[in-house]
1. Under 6 Å between Cβ atoms, at least 6 apart or on separate chains: pull out the pairs that start in segment 9-24 with a residue that is of a type in the set (S, T, N, Q) and end on any residue that is surrounded by 12 or more Cβ atoms within 10 Å (Cβ to Cβ).
2. In segment 43-56, is there at least one residue being exposed (fewer than 13 other Cβ atoms within 10 Å of the Cβ), of a type in the set (A, V, I, L, M) and in a helix (DSSP H, G or I)?
3. Which of the following residues is surrounded by 12 or more Cβ atoms within 10 Å (Cβ to Cβ) and either aromatic (Phe, Trp, Tyr) or assigned to a helix (DSSP H, G or I) (or both): Ala36, Ala15, Ala11, Ala5?
4. From the list Val73, Val84, Val58, exactly one residue is closer than 30 Å to Ile31 by Cβ, of a type outside the set (Phe, Trp, Tyr) and either touching a Pro at 6+ places or on another chain (Cβ under 7 Å) or modelled with pLDDT under 90 (or both). Which is it?
5. Residue check: is Ile75 under 19 Å from Pro2 (Cβ atoms), out of contact with any Cys (no Cβ under 8 Å at 6 or more places or on another chain) and aliphatic (A, V, I, L, M)?
6. Being without any contact (Cβ under 8 Å) to a residue 60 or more places away in the chain and either among the charged types (D, E, K, R) or not in a helix (DSSP H, G or I) (or both) is the filter here, so list the residues in segment 76-111 that pass it.
7. For segment 18-33, what are the residues that are surrounded by 13 or more Cβ atoms within 10 Å (Cβ to Cβ) and either in a helix (DSSP H, G or I) or in contact with a helix residue (DSSP H, G or I) (Cβ under 7 Å, 6 or more places away or on another chain) (or both)?
8. Out of segment 107-131, which residues are surrounded by 13 or more Cβ atoms within 10 Å (Cβ to Cβ) and either farther than 20 Å from Leu69 by Cα or modelled with pLDDT under 85 (or both)?
Amino acid sequence: MPGFALGLSLAPYLARMTRAAAIEVQQEPFIKHARAKGLRRRTILWRYVARNAILPVVVVLGLQLGRLLGGQVIIEELFNWPGVGRLLIEGAIQRDYAMVQALVLIIAAAYVVLNLFAELAHAALDPRIRL
């Protein structure tokens, strides 16, 4: 249930982004060329459309993972699960500033690392942005 509750807010946004990116890619000239060559629809969708439509979705997913990290605090408190989020709230209630600062630092570092992985995945998928 906690995982479902966290993913429930992210799934529609990612689905909409994926759909919009796929529609945009399907209007490109190379897709029309692939259809003119007589390639099957399934081949066009997986080889050309999916490969190019996933690029903006990976970037948005990396940014949205930060929302998931922030949402974990609320979800852990709602479901009464022990974790970093609950520890953060208990530290704030008890005015343990050192613990709150340390946990905020850990969550911020996790956010930076997740964004780094998202950017590296984007660079691996798109050869145009490699330096």
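The values are calculated or read from the model by the stated rules, or taken from the named source; none is laboratory data. A quick note: this is a predicted structure, and the numbers were derived from the prediction, not measured. Neighbour counts run over all protein chains shown; Cβ positions are idealised from the backbone, glycine included.
1. Thr18/Val57
2. No.
3. Details: Ala36 fails: surrounded by 12 or more Cβ atoms within 10 Å (Cβ to Cβ); Ala15 fails: surrounded by 12 or more Cβ atoms within 10 Å (Cβ to Cβ); Ala11 fails: surrounded by 12 or more Cβ atoms within 10 Å (Cβ to Cβ).
Ala5 is the lone residue from the list that is surrounded by 12 or more Cβ atoms within 10 Å (Cβ to Cβ) and either aromatic (Phe, Trp, Tyr) or assigned to a helix (DSSP H, G or I) (or both).
4. Details: Val73 fails: closer than 30 Å to Ile31 by Cβ; Val84 fails: closer than 30 Å to Ile31 by Cβ.
Unique residue meeting the criteria: Val58.
5. Details: under 19 Å from Pro2 (Cβ atoms): yes; out of contact with any Cys (no Cβ under 8 Å at 6 or more places or on another chain): yes; aliphatic (A, V, I, L, M): yes.
Spelling it out, Ile75 is indeed under 19 Å from Pro2 (Cβ atoms), out of contact with any Cys (no Cβ under 8 Å at 6 or more places or on another chain) and aliphatic (A, V, I, L, M).
6. Quick first cut of segment 76-111, residues without any contact (Cβ under 8 Å) to a residue 60 or more places away in the chain only: 77, 80, 82-111.
Glu77, Asn80, Pro82, Gly83, Arg86, Glu90, Gln94, Arg95, Asp96, listed by residue number.
7. Initial filter on segment 18-33 (surrounded by 13 or more Cβ atoms within 10 Å (Cβ to Cβ)): 18, 20-22, 24-26, 28, 31.
Hits for segment 18-33 are Thr18, Ala20, Ala21, Ala22, Glu24, Val25, Gln26, Ile31.
8. Residues satisfying the conditions are His122, Ala123, Leu125, Asp126.
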